[in-house]
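First the structure, in the form of C-alpha cells, and then the observations on it.
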Amino acid sequence: MPEAKFGNRAAFYLLTALSLSVGWGIRGNFGHEYGAMIPGALAAMAAVLLSGRRDWLARLPFFALFGALGWSFGGSISYMYVIGYTHSGHSPSVLYGFACLFVIGFLWAAPGGAGTAFPAEADRGRLVELFPPILAVLAAWQLQGWILNPWLEGRGYDLNWYDTDWFGVGMALVAALIYAGVRRRVDRGVSLILHLTIGWWIGFLILVPVLGLRMTPPRGDNWAGMTGMVAGIFVYCLRNGLPQVARAAFVTGIVGGISFAGASMIKLVAVTSGYETNWHSVLEQTTGFINGLGAALAVAGLAARTERIDDGPIPASGRWPERLAVAFTLLIIPLVNFRKNVGRWVDVESVPATMYGLSAETWFNLGFAIAASALFLLMFRHDRRPFAVVPESPLGRGQALYLILLAIVIVGNFEKAVVKFADQRLITEGVVYANGVICALILLLSSPARDEVVSAAAPAPTECIRPVRWGRLVAAGVAV
C-alpha cells in the first residue's frame, strides 16, 4: 500500500476484518438487506482510514454509502437450509451444502467489494450522477411497500414468485427507465441500475423457470437473480473503464465464498466439543471476519493500483451529495434496522404498544425525524460557519464518522437484546461490544498524530497503474 507509514499493514487488515465481523454479528440479529448495510459501511470506512491513501479520506462518506449498498444486496439470499445440509451427516448433502455456501458467499461478497471500491476509481461526477437514480429507486420501493403491495395483495394477487424479490427488482427497473425518460438520456448512473436489474432478470429467468434449478426449495431463489446481477456488475465495470472495481469484486467474492464455507466448517468443528452456546453467532461473526479480510485484500490492491484522486475545492452548494451520504450512514442505516427493536420491546412488555394515542413505532419514528432535522440543520450551518467540535482534517472527520456509527450500531443492537437477556447472548452482544472497543483502539492508535496530519503533503500520483491480468487472477481464485 502507498504511504505505508500512515497505518501499518497488520492494523489495516485487523481493523477491516473486525469491523466487518462486528457488523456481521449485528446483522445476524436484524437480517436481510438492511442488516447487511451495517458491516458494509463499517468495513469500507475502516479499510479507507488505514489504507494509506490520504486522497481517499475526503470521500469517506461515499465509501460508507456505496459500501453499505454493495454489501446489502446479498441479504436477499436464503442460506440457512444450505447450512442445514452441511449438518446432515449425509456425505453428498454435506458436499452440496459447502459448494452452495461458496456460491452464496461469492454472490454476496462480490457486490460488496464493488460497492466498496467504486469511490476509489470513479470520478466525483460519476459518483454524484448516481444519486438521483438511486433516490428514484428508493422512492419506487417506498411506493411499492406502502401502496402497491397492499393494493395488489388485497385484490387477491399472489406476489410470491419463487419467494424472490422480482417485484422490487422490476420496480427499480421501471424507476430507472422513467428517470431516463424524464432526462431524455441514459446517463452512467441509470446505466448501472439497468445493468444490475436486467442482469438480475436474465439470471433468474434462465436458471429457475427455464432450467428448473432451485438451490434450497421451498426457500427463495434470489441466488439466481444475484448470479445475473453480479454478471451485470462485471459487464458494467469492464465496459465503463472501471477494471479495478471489477478486480476488487472478484477478489472479495472469492474470499467471500471461502468465508461462508469455512466459517460453517469451523462451527461444525466447534459444535463437536459438546459445549453449549450460541454457535450460530460464532458462525456469523467468523463469516464477517473472513469477509473483512477479503475486503481488506481488495482495498489494498486498489490502493496500489488506482490513480490519486483530486476533487479540488468544492463549494458549499455542491456538497449536498456528501451531506446525503453522511445522513444515510448515521440516520438511515440505524433507522431501517433498529425500528425492529420496537416490536421486540412491545412483545416482552417493556414498552407500551401505544402512548398518548400513538403507537410505539410512531414515537420511535418521531425521534428519528427530530434527529434528522437537527443533523441537516447542523450540516448546513457548518458549511457557513464551521463548528469547533467538527475536526478540520479529513482524517479526523472520517474517524468521527466511523466511531459514531460504530457506537450507534453497538448500542442499538444491545437495546434489542437487553430487555430479555440470557447468558448465551454474551457470545453475541458481549463479543460485539469487546470487538467494538478493540476497533476503536486500533483505529486511533494506528493513525498519525494530529500534527503529522496537518503537515503531511498529499501523496504523489501513482507512477504506473498496473492493468488487471484477468487470466492470472481467475487462475489464482480457482486454485484458492
*Tell me, what does the Kirkwood hydrodynamic radius of the stretch 114-198 come to in angstroms if you use every pair of distinct C-alpha atoms?*
14.1 Å
*If you compute P(r) over Cα pairs in 10 Å bins from 0, in percent for the structure shown, which of (i) 4, 19, 31, 28, 14, 3, 0; (ii) 3, 16, 26, 28, 19, 7, 1, 0; (iii) 4, 18, 27, 25, 16, 7, 2, 1, 0, 0 do you land on?*
(i)
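Quick one: accessible area per residue over the stretch 272-324, 1.4 Å probe, rounded to a whole number of Å²? Walk me through the intermediate numbers first.
Working: 2390 Å² over 53 residues.
So the stretch 272-324 comes to 45 Å² accessible per residue, rounded to a whole number.
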*Let me have the relative contact order for the stretch 181-337, percent, based on Cα pairs under 8 Å that are six or more residues apart.*
19 percent
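Report, in deg cm²/dmol and to the nearest 500, the calculated mean residue ellipticity at 222 nm for the chain, where each DSSP H run with n ≥ 4 adds -39500 (n - 2.57) and the sum is divided by the residue count.
Details: 20 runs with 333 residues, N = 480.
After summing the helix terms and dividing by the residues of the chain, the value is -23000 deg cm²/dmol.
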*Rolling a 1.4 angstrom probe over the protein heavy atoms, how many square angstrom per residue are accessible across the stretch 71-115?*
35 Å²
*Over 22 Å, how big is the tail of the calculated P(r) for the stretch 240-382, in percent of all Cα pairs?*
68 percent
*asked:* Distances longer than 21 Å among the Cα atoms of the stretch 57-171: what percent of all pairs is that?
replied: 57 percent
_Below 8 Å between Cα atoms, with a sequence gap of 6+, how large is the relative contact order for the chain in percent?_
25 percent
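If packing is taken as the mean number of other Cβ atoms within 10 Å per residue, what is the order of 321-334, 424-437, 19-32, highest first? Working shown, then result.
Values: 321-334: 20.1, 424-437: 17.4, 19-32: 26.4.
Descending mean neighbour count gives 19-32, 321-334, 424-437.
Within the accessible area of the chain, what % is carbon and sulfur when the probe is 1.4 Å and the other protein chains stay in place? Kindly include the intermediate steps, with their values, before the conclusion.
Working: 14310 of 21740 Å².
Within the chain, the accessible surface is 66 percent carbon and sulfur.
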*asked:* Checking the a/c ratio against 1.5 first, then a/b against b/c, what shape does the Cα gyration tensor give for the stretch 8-73?
replied: oblate
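Suppose every Lys and Arg Cβ carries +1 and every Asp and Glu Cβ carries -1, with no other charges. What dipole size does the stretch 274-378 come out with about its Cα centre, to the nearest 20 debye? If you can, show how the numbers build up before the last one.
Numbers: 7 positive and 9 negative charges, 47 e Å.
Using only the charged Cβ atoms, the result is roughly 220 debye.
With only Lys, Arg, Asp and Glu charged, each at its Cβ (+1 for the first two, -1 for the last two), find how big the charge dipole of the stretch 345-455 is about the Cα centre; round to the nearest 20 debye. Working shown, then result.
On the way: 8 positive and 10 negative charges, 67 e Å.
For this selection, approximately 320 debye.
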*For the stretch 163-268, run through the trypsin sites (Lys or Arg not before Pro) and keep only the ones in DSSP coil with at most 16 other Cβ atoms within 10 Å of their Cβ.*
ARG184, ARG185, ARG214
*asked:* Quick one: 3J(HN,Hα) in Hz for the stretch 431-436, Karplus 6.51/-1.76/1.60 with θ = phi - 60°, rounded, Gly and Pro as x.
replied: 5, 4, 4, 4, 5, x
*Kindly write out, for the stretch 131-148 in residue order, the coupling ³J(HN,Hα) from the Karplus curve 6.51 cos²θ - 1.76 cosθ + 1.60 (θ = phi - 60°), rounded to whole Hz, with x marking Gly and Pro.*
4, x, x, 5, 4, 5, 5, 4, 5, 5, 5, 5, 4, 4, x, 7, 10, 5
*To the nearest 20 debye, what is the magnitude of the charge dipole of the chain about its Cα centre, counting +1 on the Cβ of each Lys and Arg and -1 on the Cβ of each Asp and Glu?*
820 debye
*Output the Kirkwood hydrodynamic radius of the stretch 128-276, Cα pairs only, in Å rounded to one decimal.*
17.7 Å
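The values are calculated or read from the model by the stated rules, or taken from the named source; none is laboratory data. Values in this document were obtained by computation on a predicted structure and should not be read as measured data. A quick note on method: Cβ atoms are made from the backbone with ideal geometry, for glycine too, and the neighbour counts reach across all protein chains shown. Just the protein is used for accessible areas: all its heavy atoms, side chains included, with ligands, DNA and RNA removed. Shrake-Rupley method; radii C 1.70, N 1.55, O 1.52, S 1.80 Å.
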